[in-house]
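Engineer: My questions all concern the structure below.
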Amino acid sequence: MRAVILVGGEGTRMRPLTCNMPKPMLPVVNRPFLEHMLDYLKRYGISDVVLSMCYRPDVIQAHFGDGRSFGVELAYAVEQTPLGTAGAVKNAEQHVDETCFVFNGDILTDLDLRAMLEFHRRVGAKVTIALTPVEDPTAYGLVETDADRRIRRFTEKPAPDQVTTNLINAGTYIIEPEVLGLVPPDTFYMFERGLFPLLLEKGEPMFGFPSHSYWIDIGTPQKYLAVHHDILLGHVSLQPPGERAGDGLLAGKDCIVDPTARIVGPVVLGDRVSLGPEASIIGPVVIGNDCQVGSGSTVEEAVVWNGTSIGEKVTVKASVAAARCTIADGAIIDGAIIADGCSIGSGNRLERGIKVWPGATLAPNTITF
Ligand code: GDD
Ligand code: MG
């Protein structure tokens, strides 16, 4: 079985974490998110995968190569300019010669793909769209169905007064190859605003497949923190890397934890992490490889990427500190997003959704309000 994964978006809502890296490469519990997706696909015997790319394809290709070392056969379809979701699959049409899965590349879910495929075949759909309930459908594609699950209307990013159901497009599709015949080549064209409404107009059989499986779109820094909470709290079947090293603690190789450090799980540490005297790590927390946390510092409900060094008496809370940052003594990072390679001088207070762009240097006590 073949799948196309859409990984071409710029991830603008996820900036500054996506300034140098496409969204599917962001580490989720210390592994690029796309690795988790490929594991999920393999669980259903899907090992023939086309990555449909546009933004920073180099980063993805350099990591995955031909896919063999990840247990999959990868092909790449690269767009010179964004072709939109359906245009992107059209661009990979040479690989789509039979019933095919299409995935948005920013969704973590436990959806049962086998059951979805059985449904698709049983009802004879041209397109089946996985559906999930959400509290606020306005950020998604709203899908109305009949009692027999046939789709009646598709409204992308509905206005509040257009919301008639809580079911939205969950970003997993099964398509029959002939529907790509309706997609114009080399043209920006979306499933959501183009092909789906067109198929409805033509009366083609398009069905929804609702489920209550775990589902999240990892599209913003808040969702990025939320997905870590969910994984660490066991709300989704994804096993974080590391060996059990204590109550609620998974740790990689060669970590050095001072005996006076306090760890309240769930906590995941990468390889070679060092925690100084009286450091407090209060989960859910994920800390990447080669990170240091100095004495008396607190890391709480936060995600820290590889190679970041946290000084003494620092607080990092409800925040993301990306790779190779230095956070000097006494800094307070609370509800902030710090991109790769930043140097935060001592005494800075970064709070309330502040975002620091890659490579920034903040001199000591620059932001203290
Ligand atoms: N190759 C390629 N080219 N990929 C693209 C392009 C493109 O031009 N545009 C977007 N993508 C990829 C993104 O990388 C992402 O994996 C996926 O398509 C969806 O794009 P998002 O930008 O994340 O869309 P969204 O979250 O606002 O809305 C979509 O997903 C919702 C579910 O999370 C829509 O499909 C909604 O209908 C849906 O409810
Ligand atoms: Mg999305």
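Engineer: Give the ranking of 309, 52 by solvent-accessible surface, highest area first, calculated with a 1.4 Å probe.
Structural biologist: From most exposed to least exposed: 309, 52.
Engineer: Residue by residue through the stretch 132-143, which ³J(HN,Hα) values in whole Hz follow from phi under the Karplus form 6.51 cos²θ - 1.76 cosθ + 1.60 (θ = phi - 60°), with glycine and proline marked x?
Structural biologist: Values, residue by residue: 9, x, 9, 5, 10, x, 5, 8, 10, x, 7, 10 Hz.
Engineer: In the structure shown, do any of 23/126; 23/223; 126/223 have a Cα-Cα gap over 24 Å, and if so which? Write out the running numbers ahead of the final one.
Structural biologist: Working: 23/126 29 Å; 23/223 12 Å; 126/223 32 Å.
The pairs that break the limit, which is 24 Å between Cα atoms, are 23/126; 126/223.
Engineer: What angle, in degrees between 0 and 90 and rounded to the nearest 10, separates the Cα long axis of helix 221-232 from the longest principal axis of the Cα atoms of the chain?
Structural biologist: The helix 221-232 is inclined about 80 degrees to the chain.
Engineer: For the stretch 240-362, which whole percent of the accessible surface, found with a 1.4 angstrom probe, sits on carbon and sulfur atoms?
Structural biologist: C and S atoms contribute 48 percent here.
Engineer: Oh, and also: In whole Hz and in residue order, list the ³J(HN,Hα) couplings for the stretch 286-300 that follow from phi through the Karplus curve 6.51 cos²θ - 1.76 cosθ + 1.60, θ = phi - 60°; x for Gly and Pro.
Structural biologist: My calculation for the stretch 286-300 gives 10, 10, x, 5, 6, 9, 10, 10, x, 5, x, 8, 10, 10, 9 Hz in order.
Engineer: If exposed GluC sites (Glu not before Pro) are those in a DSSP loop with at most 13 other Cβ within 10 Å, what is the longest stretch of the chain that has none?
Structural biologist: In short, 136-369.
Engineer: Note the angle between two axes, namely the Cα long axis of helix 33-43 and the longest principal axis of the Cα atoms of the chain, as a number of degrees from 0 to 90, rounded to the nearest 10.
Structural biologist: 50 degrees
Engineer: With a probe of 1.4 Å, find how much accessible area the chain has per residue, and write the answer as a whole number in Å².
Structural biologist: So the chain comes to 42 Å² accessible per residue, rounded to a whole number.
Engineer: Next question, about the same structure. Could you compute the FRET efficiency for residue 39 and residue 201, with r as their C-beta to C-beta distance and R0 at 41 Å, rounded to 0.05?
Structural biologist: 0.60
Engineer: Expressed as an acute angle from 0 to 90° and rounded to the nearest 10, what is the orientation of the C-alpha long axis of helix 113-123 relative to the principal long axis of the chain?
Structural biologist: 10 degrees
Engineer: Using alpha-carbon pairs under 8 Å, 6+ residues apart, how would you state the relative contact order of the stretch 240-362 in percent?
Structural biologist: 14 percent
Engineer: Multiply the residue gap between residue 186 and residue 10 by 0.36 nm, knock off their C-alpha separation, and tell me the result in nm, one decimal place.
Structural biologist: Gain in length upon complete extension: 61.5 nm.
Engineer: Among 89, 264, 127, whose mean-square fluctuation peaks in a Gaussian network model of the chain (Cα, cutoff 10 Å)?
Structural biologist: 264
Engineer: Could you pull the accessible area for residue 275 with a 1.4 Å probe, rounded to 10 Å²?
Structural biologist: For residue 275, the solvent-accessible surface is approximately 10 Å².
Engineer: Sticking with this structure for a sec: Below 8 Å between Cα atoms, with a sequence gap of 6+, how large is the relative contact order for the chain in percent?
Structural biologist: 12 percent
The values are calculated or read from the model by the stated rules, or taken from the named source; none is laboratory data. Since the structure is predicted, the reported quantities are computational estimates derived from the model, not experimental observations. Ideal geometry is used to build each Cβ from the backbone, glycine not excepted, and the neighbour counts take in all protein chains shown. Quick note on the areas: whole protein, heavy atoms, side chains included, nothing else; ligands and nucleic acids left out. Shrake-Rupley method; radii C 1.70, N 1.55, O 1.52, S 1.80 Å.
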